[in-house]
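Peer 1: This structure is in C-alpha cells; I'll ask about it shortly.
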Amino acid sequence: MQHNSKPTAPDRAVIHAFVVEFYARLRHHHELGPIFERHLGANWDSHMERLTDFWMTMLGGGTLYRGNPFDVHRKIDALREHQFTDWLALFSDTAADTLPDELAAQACARANRIAESLKTGLFYRPRGLSQTAPS
C-alpha cells in the first residue's frame with residue numbers, strides 16, 4: 001500500500017484566522033502599522049480576504065490569489081529593507097501561536113522565501129549600476 005505524502009490543503013477558516021491575527025499584531029508595530037494604515041485606510045476587510053486567498057494559494061489550497069505582490073510592494077515608498085526582519089518575526093510568532101505546527105513551518109518557510117525575493121527585487125542595486133536607464 002502506497003502512502004500519499006502530499007499534504008492536505010489548509011482549511012480556509014484556519015488561514016483566515018491566522019491572517020487576521022497577524023495583521024492585528026502588525027497594526028501595533030511602531031513602523032509597519034502606520035505604513036499599512038496609510039495604504040489600506042478603510043480597506044482592511046477586503047485586504048484580509050485577499051491575503052487569505054494569497055496564503056491559501058501559497059500553502060497548497062488552490063489558486064485563489066491572482067495578483068502581483070512585487071508590484072504592490074514596489075509602490076510603497078516608506079518600505080525599508082530592515083522592516084522585513086520585524087515582519088518575519090511577527091509572522092513567525094503568529095504562525096506558531098495560531099497554526100498547526102506543520103502548517104506553521106510551511107508558512108514560515110514560504111514567507112522567508114517571499115521576503116528574500118521581495119528584498120532582492122526592491123533593494124538590491126549592483127555596484128556600478130545606476131537607478132535610471134541611460135539616455
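The values are calculated or read from the model by the stated rules, or taken from the named source; none is laboratory data. Note that the structure is a prediction, hence the values are computed from the model and not measured. Neighbour counts are summed over all protein chains in view; Cβ atoms, including those assigned to glycine, are modelled from backbone coordinates with ideal geometry. What goes into the accessible areas is simple: the full protein's heavy atoms, side chains included, and nothing from ligands, DNA or RNA. Shrake-Rupley method; radii C 1.70, N 1.55, O 1.52, S 1.80 Å.
Peer 1: Do the conditions hold for residue 86, that is, is it surrounded by 13 or more Cβ atoms within 10 Å (Cβ to Cβ), on the phi < 0 side of the Ramachandran plot and of a type in the set (Asp, Glu)? I'd like the intermediate steps shown before the answer.
Peer 2: On the way: surrounded by 13 or more Cβ atoms within 10 Å (Cβ to Cβ): yes; on the phi < 0 side of the Ramachandran plot: yes; of a type in the set (Asp, Glu): yes.
Taking the combined requirement at face value, the residue satisfies it.
Peer 1: Here are the criteria: (1) touching a residue at least 12 places away in the same chain (Cβ under 8 Å); (2) small (Gly, Ala, Ser); (3) surrounded by fewer than 14 Cβ atoms within 10 Å (Cβ to Cβ). Tell me which single one residue 46 does not satisfy.
Peer 2: (1)
Peer 1: Output the qualifying pairs, or none if there are none: Cβ atoms under 6 angstrom, residues six or more apart or on different chains, first residue in segment 89-104 and over 14 Å from residue 32 (Cβ atoms) and in a helix (DSSP H, G or I), second residue of a type in the set (Phe, Trp, Tyr) and open to solvent by less than 70 Å² (accessible area, probe 1.4 Å).
Peer 2: Taking only residues 6 or more apart or on different chains, the pairs are 98/18.
Peer 1: Just to confirm my filter: which helices (runs of 4 or more DSSP H) fall fully inside segment 23-75 and include at least 1 residues that are closer than 18 Å to residue 106 by Cβ and at pLDDT 90 or above?
Peer 2: Values: elements: 32-40, 44-58, 69-74.
The helices (runs of 4 or more DSSP H) meeting that bar are 44-58.
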